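For reference, the structure is listed below as structure tokens.
The values are calculated or read from the model by the stated rules, or taken from the named source; none is laboratory data. Quantities reported herein were computed from a predicted structural model and do not represent experimental measurements. As a convention, Cβ positions derive from the backbone with ideal geometry for all residues, glycine included, and neighbour counts pool all protein chains shown. Each accessible area value is taken on the protein alone, full model and side chains, heavy atoms only, with ligands, DNA and RNA left out. Shrake-Rupley method; radii C 1.70, N 1.55, O 1.52, S 1.80 Å.
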Amino acid sequence: MTVHHYIGSPYELPTGSFGIKEKLVPLSEVASFDRNQRKAKLITLYEKEENAYGISINHLTEGYSDIKHAFTLPYIYELSCDAHSKSIRELFTYIEEQLIEGCHIELYSCLDGDEAEEKISSLDTCINLKTLYLGKHYKLDKKKYIYELGEMFTFEDKQFVVVVK
């Protein structure tokens, strides 16, 4: 089944793709069978596999508004974020850049169709970007905490995560 991720904020967030490094090139540059076409079809290329990973923040799609009950904040967005460590790093880089000190952002994940179901409170966790704690017991390194979060953090079904700064 498809897992959906959501991000909640006390204020509007920038939407779009972040961290993905793609290049649009004419198909004729990479495939010889396309050389005679008048209109050059563009395709997306990535110089390295890692460049394909990042995040996308989009306004909540109609039909997924049942998810709002899981959040305490007014602005809810759909979050596309692969389980790849680069995507997780891009997510926390985005949060670090957007989160105003003294505020918090909420993350939530659930299976498609389970948006109206209750979250599993035993999975609730907090990430404090000011004190650099993941949960109550793990202290993140000041110089490489984004990297550490990329390696350690995973989304769980019906898990609610609060990120504070």
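Numbers at a glance
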item: Cα long-axis angle, helix 85-98 against the chain (0 to 90 degrees, to the nearest 10); result: 70
item: Extended-chain gain in nm, criterion 0.36 nm per residue less alpha-carbon gap, Thr61 and Val3; result: 19.4 nm
item: Unsatisfied cross-links (Cα-Cα over 25 Å) in the set Lys136/Lys158; Lys119/Lys165; Lys143/Lys165; Lys68/Lys144; Lys23/Lys158; Lys86/Lys165; result: Lys68/Lys144; Lys23/Lys158
item: Long-range HN-HN contacts of Ile43 with modeled amide H, under 5 Å; result: Val25, Leu27
item: Cleavage-rule hits, trypsin sites (Lys or Arg not before Pro), region 36-127, DSSP coil, Cβ neighbours within 10 Å at most 12; result: Arg38, Lys39, Lys41, Lys48
item: Qualifying chymotrypsin sites (Phe, Trp or Tyr not before Pro) in region 1-30, DSSP loop, other Cβ atoms within 10 Å at most 15; result: Tyr11
item: Residue-by-residue Karplus 3J(HN,Hα) for region 49-57, coefficients 6.51, -1.76, 1.60, Hz, glycine and proline x; result: 4, 4, 5, 7, 9, x, 10, 9, 10
item: Region 56-165: GluC sites (Glu not before Pro) falling in loop per DSSP and having at most 16 other Cβ within 10 Å; result: Glu62, Glu101, Glu117, Glu118, Glu156
item: Within the accessible area of region 25-165 (1.4 Å probe), percent carbon and sulfur; result: 48
item: Hull-based mean projected area of the chain, where the convex hull spans the alpha carbons, in square nanometres; result: 12.0
item: Cα extents of region 38-98 along the three principal axes, largest first (Å); result: 50, 30, 20
item: Modelled label reach - Leu45, point 7 Å along Cα→Cβ, region 1-33 residues with backbone N closer than 16 Å; result: 21-33
item: Solution diffusion estimate, µm²/s, Stokes-Einstein, region 58-156, Kirkwood Rh from C-alpha pairs, 20 °C, viscosity 1.002 mPa s; result: 145
item: Heavy-atom surface of the chain, accessible at 1.4 Å and reported per residue (Å²); result: 60
